[in-house]
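Heads up, the thing below is written out as structure tokens.
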Amino acid sequence: ALLLPTMMAAASTGAAAGPPAGGEFGTAKPRLNTFTTPLWTEPIGNNVEYSSPTFATIDGVRAIVAASLAGEVYVVNALTGKELPGWPQPVDIVGKQATAVDSSPVVAYLDGPSKPPSIVVGAGSKAVANQNGGLIAFYASGKVRFVFHTISLHQGGVISNYDDDVFASPAVGDIQGNGEQDIVFGAFDHRIYAV
């Protein structure tokens with residue numbers, strides 16, 4: 001589950017900052033708990049192994065974007081934990097089943113800063129066998145923008161029947177200097193892609 005804690009203001013306790021009283025080294029005192037109970041919790045699939053949440057503003061809402069080994073991408077309001085319209089969405093690379101995710105989602109303004117952002121996710125995980133890897137991009141509404149396939153790599157004398165996983169989190173920037181955003185990522189097929 002994704003947890004968002006609230007911060008407890010140390011100043012409200014009336015304790016002054018600085019070294020403790022009671023001699024040169026002071027008297028040992030327990031630390032104040034700086035976190036109270038979470039504002040909200042949201043289950044993110046059945047497991048999250050390596051993927052980290054991403055924070056962004058989507059349609060004027062401060063949002064958290066997260067993905068899981070269950071092969072779903074979640075976009076939730078950072079203050080309430082409620083899913084934004086159109087979410088969650090499956091990471092469906094081949095049109096058959098959701099693909100597990102180890103990479104962290106990226107929120108990118110592929111159409112320029114004045115347009116809604118896109119959410120880009122590297123798909124695939126070595127923790128879940130027999131799934132195709134690749135890259136999937138969503139519009140902010142949750143609709144699939146495009147899917148990109150990696151290749152199958154001949155590993156250990158065995159030819160894989162599946163496109164290799166994208167473990168690396170995608171990076172977005174203008175690598176051609178033409179004013180358009182490009183997506184760069186590495187995959188287990190030993191290649192670095194720029195699309």
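The values are calculated or read from the model by the stated rules, or taken from the named source; none is laboratory data. Predicted model only: the values in this text are computed from it and were never measured. Positions of Cβ are generated from backbone atoms using ideal geometry, with glycine treated the same way; all protein chains shown enter the neighbour counts. Protein only, heavy atoms only, side chains kept; ligands, DNA and RNA dropped before computing areas. Shrake-Rupley method; radii C 1.70, N 1.55, O 1.52, S 1.80 Å.
A compact table of results
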| item | result |
| --- | --- |
| Residue list for the stretch 156-195, restricted to those being open to solvent by less than 30 Å² (accessible area, probe 1.4 Å), at pLDDT 90 or above and touching an Asp or Glu at 6+ places or on another chain (Cβ under 8 Å) | Gly173, Asp182 |
| Residue in the stretch 41-52 that is farther than 20 Å from Ala168 by Cβ and modelled with pLDDT of 90 or more present | no |
| Failed condition for Phe188, given (1) touching a Ser or Thr at 6+ places or on another chain (Cβ under 9 Å); (2) in a strand (DSSP E or B); (3) of a type in the set (A, V, I, L, M, F, W, C) | (2) |
| Counted residues, the stretch 67-107 - those being of a type outside the set (Ser, Thr, Tyr), part of a strand (DSSP E or B) and open to solvent by 10 Å² or more (accessible area, probe 1.4 Å) | 7 |
| Members of the stretch 152-181 found to be over 20 Å from Val65 (Cβ atoms) and charged (D, E, K, R), listed by number | Asp163, Asp164, Asp174, Glu180 |
| In the stretch 111-135, the residues that are crowded, with 24+ Cβ neighbours inside 10 Å and in contact with a strand residue (DSSP E or B) (Cβ under 6 Å, 6 or more places away or on another chain) | Ile119, Val120, Val121, Gly122, Ala123, Gly133, Gly134, Leu135 |
| Qualifying residue in the stretch 140-151 (condition: touching a Phe, Trp or Tyr at 6+ places or on another chain (Cβ under 7 Å), of a type in the set (A, V, I, L, M, F, W, C), open to solvent by 20 Å² or more (accessible area, probe 1.4 Å) and closer than 17 Å to Ala66 by Cβ) | no |
